[in-house]
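> This is the structure, below, for whatever I ask next.
The values are calculated or read from the model by the stated rules, or taken from the named source; none is laboratory data. Source: prediction; values computed, not measured. Cβ placement follows ideal geometry from the backbone for every residue including glycine, while neighbour counts extend to all protein chains displayed. Calculation scope for accessible area: heavy atoms of the full protein, side chains included, ligands and nucleic acids excluded. Shrake-Rupley method; radii C 1.70, N 1.55, O 1.52, S 1.80 Å.
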Amino acid sequence: MATLAKPNLPRFDVEIFQNEYLADGAREVNAIVTVTATGGGTSGGRPLGITDAARPGADTAAAVVLLVDCSGSMDYPKSKINGAREATAAAIDTLRDGTAFAVVAGTHEAKDIYPGDGTLAIASASTRATAKESLRRLTAAGGTAMGTWLTKADQLFLTRHDIAIRHAILLTDGNNEHESAADLARAIDRVTGHFTADCRGVGTDWKVDELRKISSALLGTVDMVPEPSGLADDFRSMISGAMGKQVADVALRIWTPANAQVRFVKQVAPAVEDLTARRSEAGPRAGDYPTGSWGDESRDYHVCVEVPAAVVGSEMLAARISLVLPPQVGGGTPEVLSQGLVKAVWTDDLASSTRISPQVAHYTGQAELASSIQEGLEAHRAGDVDTATAKLGAAVKIAHETGNDGTYKLLQKVVDVVDPKEGTVRFRKNVDEAAEKMLETRSTKTVRVKKK
């Protein structure tokens with residue numbers, strides 16, 4: 001592990017967990033990379049990468065755009081639109097002074113209702129009060145076209161080039177019915193890398209895969225709020241999280257030697273997120289994988305590298321893992337925040353080469369848990385009860401073995417667990433729709449390896 005401290009930067013630490021020993025001729029190297037940032041959520045002040053010369057006036061630390069579904073369905077029941085107003089007011093109250101913000105009413109189009117002039121307001125006692133007054137204009141009428149909401153957020157963020165931390169919150173209660181899937185995909189592609197976004201579905205009439213596509217591309221979270229009464233607390237929590245971010249656009253840079261290649265890179269904690277396809281080249285034999293914004297937090301990544309086969313006694317550096325800020329944030333040159341090494345040593349000692357790193361084994365299981373849940377629920381919706389039962393039984397077994405109590409409890413609301421150790425389950429009769437959707441939404445949430 002190496003830690004490179006920089007003035008005014010949060011401290012980033014990288015730890016590598018792996019079994020570096022490979023059998024004669026083996027080529028696959030697996031490692032869990034734990035990245036921990038400290039000082040980012042408590043240091044306050046401006047975001048990294050913003051110079052005094054680029055700051056016209058206010059001490060703006062972040063920008064937040066609230067995208068609130070105002071389609072006609074939000075009026076049925078009326079508690080949904082009322083809950084959305086209350087949650088938006090709670091979010092506004094949670095904004096730190098100096099934060100740039102806007103509120104957008106989302107239907108088949110997107111209208112910024114505050115400040116309403118195509119720009120971002122700056123949070124203060126006065127603007128927060130005025131913004132909350134404007135929430136009376138959040139009324140339910142119209143369709144749903146989330147791509148237009150994301151595009152509007154992007155336009156608002158682009159009015160301020162002096163802000164590094166850009167965060168959107170998107171709330172909906174329904175499907176994206178008033179634009180095509182291709183239109184939404186194009187909108188997501190256009191704004192990817194511009195800001196992060198947390199997505200929330202209220203009730204049960206929205207599609208998990210639609211919101212997950214948005215949150216995944218924009219490096220945010222997706223979750224379900226079963227009842228409108230729970231929205232305010234959830235919005236406060238999301239805004240508090242955004243206010244704790246201090247550095248944006250951090251990349252996981254992976255260098256591999258000649259004839260070696262990265263097979264996959266996945267975030268595995270606090271949730272499973274495949275980053276493999278999001279690689280951007282960063283020089284000879286190096287690639288960057290986006291990790292988004294950081295405050296005081298820790299995340300785990302599973303890196304798999306394929307190396308050239310070698311004979312017993314050979315050793316090599318399989319990969320160098322670095323945390324870097326890109327040139328536009330790091331002051332003109334990429335700034336290395338921390339780094340660690342992944343090694344490969346070939347041995348004929350069977351005990352050494354067959355030992356699996358506990359961290360690698362754990363997170364391989366957590367990824368399998370997520371896919372088993374998603375495949376099981378998809379099979380259930382298709383009427384294939386046998387496959388659904390087998391997949392959710394496998395999920396129960398993994399959740400039980402790995403101590404993922406949150407997911408285990410959600411599974412118990414969908415299936416009756418006969419034997420958790422064997423993964424023997426029976427589908428409940430008349431499964432509650434909200435329970436099934438909550439399980440699907442939270443299927444990617446993981447737990448870390450328990451310390452013994």
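> Of all residues in the stretch 85-95, how many are within 14 Å of residue 120 (Cβ to Cβ) and surrounded by fewer than 19 Cβ atoms within 10 Å (Cβ to Cβ)?
0
> Note down all Cβ pairs under 9 Å where the first residue falls in the stretch 146-173 and is open to solvent by 10 Å² or more (accessible area, probe 1.4 Å), the second is aromatic (Phe, Trp, Tyr), and they're at least six residues apart or on different chains.
Cβ pairs passing all conditions: 154/195; 166/157; 166/195; 167/195.
> Output the residue which, of all residues in the stretch 279-307 that are aliphatic (A, V, I, L, M) and part of a strand (DSSP E or B), is farthest from residue 358 (Cα to Cα).
The qualifying residue farthest from residue 358 (Cα to Cα) is 286.
> Being among the hydrophobic types (A, V, I, L, M, F, W, C) and open to solvent by less than 40 Å² (accessible area, probe 1.4 Å): is that true of residue 310 here?
Answer is yes for this residue.
> On the basis of being touching a strand residue (DSSP E or B) at 6+ places or on another chain (Cβ under 6 Å) and within 25 Å of residue 207 (Cβ to Cβ), does residue 105 make the cut?
yes
> Further, regarding this structure: Considering only residues of the stretch 370-390 that are open to solvent by 70 Å² or more (accessible area, probe 1.4 Å) and assigned to a helix (DSSP H, G or I), which is nearest to residue 445 (Cα to Cα)?
375
> Can you work out which of the residues in the stretch 99-112 that are part of a loop (DSSP other than H, G, I, E, B) and open to solvent by 10 Å² or more (accessible area, probe 1.4 Å) is farthest from residue 134 (Cα to Cα)?
If we take residues in the stretch 99-112 being part of a loop (DSSP other than H, G, I, E, B) and open to solvent by 10 Å² or more (accessible area, probe 1.4 Å), then 108 is farthest from residue 134 (Cα to Cα).
> Test residue 242 against the stated conditions and say whether it is in a loop (DSSP other than H, G, I, E, B), surrounded by 19 or more Cβ atoms within 10 Å (Cβ to Cβ) and small (Gly, Ala, Ser).
In short, no.
> Further, regarding this structure: Looking only at the stretch 334-369, which residues are in a strand (DSSP E or B), hydrophobic (A, V, I, L, M, F, W, C) and either open to solvent by 40 Å² or more (accessible area, probe 1.4 Å) or within 22 Å of residue 28 (Cα to Cα) (or both)?
If the condition is that a residue be in a strand (DSSP E or B), hydrophobic (A, V, I, L, M, F, W, C) and either open to solvent by 40 Å² or more (accessible area, probe 1.4 Å) or within 22 Å of residue 28 (Cα to Cα) (or both), then 336, 341, 342, 344, 345, 346 are the ones that fit.
> Go through the stretch 8-49 residue by residue and tally those that are modelled with pLDDT under 90 and open to solvent by 40 Å² or more (accessible area, probe 1.4 Å).
Selection size over the stretch 8-49: 5.
> Is it true that residue 196 is open to solvent by 50 Å² or more (accessible area, probe 1.4 Å), within 23 Å of residue 278 (Cβ to Cβ), in contact with a strand residue (DSSP E or B) (Cβ under 7 Å, 6 or more places away or on another chain) and of a type in the set (S, T, N, Q)?
Criteria not met by residue 196.
> Mind checking which pairs have a first residue in the stretch 405-424 that is among the β-branched types (Val, Ile, Thr) and a second that is buried (at least 22 other Cβ atoms within 10 Å of the Cβ) and outside any helix (DSSP H, G or I), Cβ under 8 Å, 6 or more apart or different chains?
Close Cβ pairs satisfying both conditions: 407/443; 415/425; 417/425; 418/425.
> Say we look at the stretch 199-228 and pick out the residues that are surrounded by 19 or more Cβ atoms within 10 Å (Cβ to Cβ) and farther than 14 Å from residue 170 by Cα; which of these is farthest from the chain's Cα centre (by Cα)?
228
> Could you check how many residues of the stretch 258-278 are part of a strand (DSSP E or B), over 15 Å from residue 218 (Cα atoms) and open to solvent by 60 Å² or more (accessible area, probe 1.4 Å)?
2
> Any idea which residue in the stretch 170-222 is farthest from residue 150 (Cα to Cα), counting only those that are in contact with a Gly (Cβ under 7 Å, 6 or more places away or on another chain) and small (Gly, Ala, Ser)?
Checking each candidate, the answer is 197.
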